[in-house]
1. What net charge do the residues around Asp50 carry, taking every other residue with its C-beta under 12 Å from that of Asp50, with Lys and Arg at +1 and Asp and Glu at -1?
2. Give the accessible surface of the chain per residue, rounded to a whole number of Å², with probe radius 1.4 Å and ligands, DNA and RNA excluded.
3. Among (i) 3.9; (ii) 4.9; (iii) 4.4, only one was calculated for this model; which label is it, if the read-out is mean projected area of the Cα convex hull in nm²?
4. Can you give me the % of accessible surface on the chain that is carbon or sulfur? Probe 1.4 Å, all protein chains present, nothing else counted.
5. In the chain, if the dipole is taken from +1 on Lys/Arg beta carbons and -1 on Asp/Glu beta carbons about the Cα centre, which of Pro34, Asn62, Ile46 is farthest to the positive end?
6. Treat every Asp and Glu Cβ in the chain as -1 and every Lys and Arg Cβ as +1, leave all other atoms uncharged, and give the resulting dipole magnitude about the Cα centre to the nearest 20 debye.
Amino acid sequence: MNKKGIKVASVTYAMKGRDLLQKNGYKAYLTRNPSPEEDEGCGYVIYVNDIDKRCFSLLNKNGIKVLGTVDLGDVL
């Protein structure tokens, strides 16, 4: 199974995004970014079971800028 994490700009946004997604019925967790790059947000990503387009829409509509996704491989 290919697991993806959602990259955001800061750990604060990661926590807010996780809470927002959980309130909307998603199983969302914070995990370390296995391959962080200097200009790609914080060291954490939001892992969501069954990620879909609605996740990104919810985050963007609530002021949480999504920077992309990262492959989590076997981290979780």
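The values are calculated or read from the model by the stated rules, or taken from the named source; none is laboratory data. Note that the structure is predicted; figures quoted are calculated from it, not measured. All Cβ positions, even for glycine, are placed from backbone atoms using ideal geometry, and neighbour counts span all protein chains on display. Just so you know, the surface numbers come from the protein's heavy atoms only, side chains and all, with ligands and any DNA or RNA stripped out. Shrake-Rupley method; radii C 1.70, N 1.55, O 1.52, S 1.80 Å.
1. Values: positive: Lys3, Lys4, Lys27, Lys53, Arg54; negative: Asp52.
After counting each charged neighbour, the total is +4.
2. That works out to 62 Å² for each residue.
3. (iii)
4. Numbers: 2240 of 4730 Å².
Carbon plus sulfur share of accessible area: 47 percent.
5. Asn62
6. Numbers: 12 positive and 9 negative charges, 92 e Å.
I would put it at about 440 debye.
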